[in-house]
1. State which residue pairs qualify: first residue over 20 Å from residue 624 (Cα atoms) and inside region 674-689, second residue crowded, with 17+ Cβ neighbours inside 10 Å in any location, beta carbons under 9 Å apart, and separation of 6 or more residues or different chains.
2. Quick one: is residue 166 aliphatic (A, V, I, L, M), closer than 24 Å to residue 311 by Cα and either in contact (Cβ under 8 Å) with a residue 40 or more places away in the chain or open to solvent by 80 Å² or more (accessible area, probe 1.4 Å) (or both)?
3. For region 367-377, name all the residues that are open to solvent by 60 Å² or more (accessible area, probe 1.4 Å) and under 50 Å from the mean Cα position of the chain (by Cα).
4. Looking for whichever is over 25 Å from residue 730 (Cβ atoms) and either part of a loop (DSSP other than H, G, I, E, B) or in the same structural domain as residue 519 (by the TED database) (or both) here; the options are 655, 643. Which one fits?
5. For residues in region 658-697 being in a strand (DSSP E or B) and hydroxyl-bearing (Ser, Thr, Tyr), which is nearest to residue 726 (Cα to Cα)?
6. Please find, among 284, 243, the residue that is open to solvent by 60 Å² or more (accessible area, probe 1.4 Å) and either hydrophobic (A, V, I, L, M, F, W, C) or farther than 30 Å from residue 177 by Cβ (or both).
7. Look through 213, 229, 198 and report the one residue that is in a strand (DSSP E or B) and free of Cβ contacts under 8 Å to residues at least 60 places away in the same chain.
Amino acid sequence: MALSAVSQATFLLALLSFRTYQSEVLSEPLLLTPESLKVSINSTQQCLHLQWRIHSLTYHQELKMTFQIEISRIKTSNVIWAEKYSTIVKWDQVLQWSWESELPLECATHFVRVRSTVDDARVPEPRFWSSWTSWEEVDVQNSLGHDPLFVFPKDKLVEEGSNVTICYISRSPRNNISCYLEDVQIYGEQLDPNVSVFNLNNVPFIRKRGTNFFCKVNESDVIKGIVLFVSKVLEEPKDFSCETRDFKTLKCAWDPGTDTGLPKYSFQSYSLFESFSGKKKVCEHRNWCTWQVARDSQETYNFTLLAENYLRSRSVNISFNLTHRVHPMTPFNVVLENISATNASMTWKVHSIGNNFTFLCQIELHGEGKVIQHNVSIEMNGQYFLSELEPVTEYMTRVRCAAANHFWKWSEWIGQNFSTLEAAPSKALDVWRNVKSVLGSCTVTLFWRPLSKLHAGGKILFYNVVIENLEKPSSLKLLSIPAPANGTELTLDQGSYQIYVTANNSMGTSPTSVIVISRDSGSEEVKEGRVQGTEDGFFMSWKPQSGEAIGYVVDWCDHPRDQACDLQWENLGPKTTSTIISSDAFRPGVRYNFRIYGISTKKIAYLLERKTGYSKELAPSDNPQVVISNLTSHSFNLSWKDYSIDSQPGFIQGYHVYLKSKAEQCQPGFEKAVLSDNSVCCKHKIDSPEQKTFLVEHLQPESFYEFLVTPYTSVGEGPHDTFTKVTTPDEYSHVLIRIILPMIFCLLLIMILCYLKTQWMKEKCYPDIPDPYKSSVLSLIKSKENPHLTIMNVNDCIPDAIEVVNKPEGRKIQFSGARKSLTETECTKPVYLYLLPTENYSSPGPCICFENFTYNQAASDSGSCGHVSIPPEAPPSQLGLLTSPENLLKTLDKNYVNSLGEISAGESSLNYVSQLASPLSGDKDSFPTNPPMSEYKMQMAVPLGLTSPSPSENSSLSSIALLDHGEHCR
């Protein structure tokens, strides 16, 4: 107790003496002036380092003080920086402070001074600043040397995007210095007569070797420059994580980002610091580092990753439990055993981590473009049974593992390839049929779906189809159909048949599929119903059958508009009475037909229902072709043909009849409507799709109308395309048409007949009339009624020519006295016989005009012509020359008559041809050698049969006969 009392008394005395001293010392203001100020330069970092002391402090005295530092440039009055710096000052302590200059220190003279104040709470107010230290001058230019040009800063390191100030110093003031940044001239600001400054903002990264800046004296070889090192900005490490694979070593990894290293400056460094253990490790790699796990079973770790370079530092932190960061090693010793056509067994091993550590392993099976995954939990050795494999298939299986309790990461994969074996098909074919009955026979089209590779057991080689006639059980027919066919067509007689279908490969045959075709198949009549499609498909429902149905089948065509409609079917169970039929092939606006069959216990399919519908109805895409009939002044009839069912984009519910007129007044039964082009017309709705005619009534005569007929469905109507134009006639036009049309027809018929019978009418009504006054042929006509009447003697006229016309028959006739016969084929051109006048002929007599039998008017005005009247009833045999024909023929030379040869009897005629004028008197001995035949006209035909026998040689006529055979005689 005594000792304790002494100690307390001593402490109180000491405390009292300290307070007394403190009150004495601090009772007056303290003015502590900085002393011994020194300024140094770091050219590389462009920094000013200041050092000073406070000599006025007593021994062991500590005070908090604030210092004010001012920096001037070029002259002391130009203060460019002022800053306050606070710190605890001790006795005889050297205080330090640094300042980094943006402008290179070599470019200008700097001045520095400092003053201080006590900022300690123990010092009472007021507080005063000490006096300033004297200005400390920092002038680097005096130590540069005598070169004419300098550029600063040297080897400056900055980050991309920073601002940099560069200057040049010239020993003599001159303005002929040019500066360039990567060969691009730049312009700066003159700081004094010898110094110019260049401010570069947002400096880009160009290359790792640095960016060039240089200046040169124009008209001189002096060039000075620097290399500005621009680095990428140091990034914060990303994806920092740590994990263990064996509970012995931790591996920490991260993404360092962009490398900031430059050739002169090494890249960033990384270090790990663990806060619980206080350990630190400098990493050897820039993206990963290892850490030894503590033996004291430390489970929780808190790591800080520090990234540093010359310019800055970055750090990230993570904290974790070691058991939650387990990354197992890759499994090994993978083995596949007991491989069959559809199964295989797989085993593997894992690296042990610790007792009772559970792994979650994932198995992947790759084959036929598919990937199947399975998960299994193990501790040491793993095993998995692969089933439902496809025969004769290449597979690849692999496995990886992870911690089962606290999943972190999967291990790497390890795998192996294998192939399954071949086996006989294991499943019966799914078979269906389509039956069409035609006149005592039926066509059965069989369809079957190929077996999946799992059930095929291997490559299917062919399909066997066995046909059994149930009415003749002993009659079997086998068809072998090569793969890859999926159907066949059979033509069967009327009757019941049982068909067996199997698939075959090299290992065996599949189970048999049986289908029965009854005598009535294909001829069932069932009423068709409608079904509406949805986005999910077509919903089908039907009434359940009595207990005899063992299943149902719904079939349809995926492409009903194609010839190969791609028949599809769906098998349903016996208790199913509804289903949804869906297919990727279903398209809007296409009509699909469905048939629902029941399957009896005898495997006979019988038709229950037919349904038709659209997955989505559309508006009609075109309009019917409309025909106008019975057009009257007040009405006309419209009719159109039905659509093809397959071409309809929806169920036609009726038709709209649109009618336009200038009056814009709607007839009874029509209502006004506005079309898409805003035009107004009248509209009539036909509710029945079966109606294909419409009578438009109550129209005005001689009026212009336009109409359009368009169908409509539940979605909309057809397009409003071109309207058909029609004009009603007046009220009496139809009466006139009924009268005028028959008259025109009769007139046209008469004109056609007249045109076709022109030659006949000419011959009958107005034949060619000869002109007697132009004829110089003198003939003698002897009339039987008055044989002594003589109009003219032969000597009174000049005979011109006799034309012998031969007809194309080959029959011959011999002239009397003729020596030679001629056939018609030997001469195709008329033969002309010229008769010359006799020597006794002294002067021409009067011309005699011959009468044409069809023209009875004589030339009465010619006094020199006599008129002979010959009755038209007289037969040709009564017509003769007024002078004896014998006297005329006697004048013919005997040789000429003989040269005529044979001429077909009754087929030739002798025509007298006259010239336009007779020869003049005194020109008796001359005759024309080529008479103008184009001016000849036939006067009368005298049949040769009427001539008398051959003339005698002592004829009184001394005429010369010339026969012109022409160019066509052969």
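1. Once the first residue is over 20 Å from residue 624 (Cα atoms) and sits in region 674-689, its partners that are crowded, with 17+ Cβ neighbours inside 10 Å give 674/681; 679/660; 680/660.
2. yes
3. Residues satisfying the conditions are 368, 369, 370, 371, 372, 373, 375.
4. Step by step, each of 655, 643 is checked, and only 643 is over 25 Å from residue 730 (Cβ atoms) and either part of a loop (DSSP other than H, G, I, E, B) or in the same structural domain as residue 519 (by the TED database) (or both).
5. Going through the qualifying residues, I end up with 661.
6. Answer to the selection: 284.
7. Every option except 198 fails the conditions.
Here is a yes/no grid of residues against (1) out of contact with any Ser or Thr (no Cβ under 8 Å at 6 or more places or on another chain); (2) within 14 Å of residue 107 (Cα to Cα); (3) not assigned by the TED database to the domain that holds residue 263:
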{"residue": "153", "(1), (2), (3)": "no, yes, yes"}
{"residue": "157", "(1), (2), (3)": "no, no, yes"}
{"residue": "165", "(1), (2), (3)": "yes, yes, yes"}
{"residue": "173", "(1), (2), (3)": "yes, no, yes"}
{"residue": "178", "(1), (2), (3)": "yes, no, yes"}
{"residue": "187", "(1), (2), (3)": "yes, no, yes"}
{"residue": "208", "(1), (2), (3)": "yes, no, yes"}
{"residue": "213", "(1), (2), (3)": "yes, no, yes"}
{"residue": "216", "(1), (2), (3)": "no, no, yes"}
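The values are calculated or read from the model by the stated rules, or taken from the named source; none is laboratory data. Everything numeric here is computed off the predicted structure, so don't read it as measured data. FYI the Cβ positions are ideal-geometry reconstructions off the backbone, even for glycines, and counts take in every protein chain you see. When the accessible area is computed, the model is the full protein with side chains, heavy atoms only, and any ligands, DNA or RNA have been set aside. Shrake-Rupley method; radii C 1.70, N 1.55, O 1.52, S 1.80 Å.
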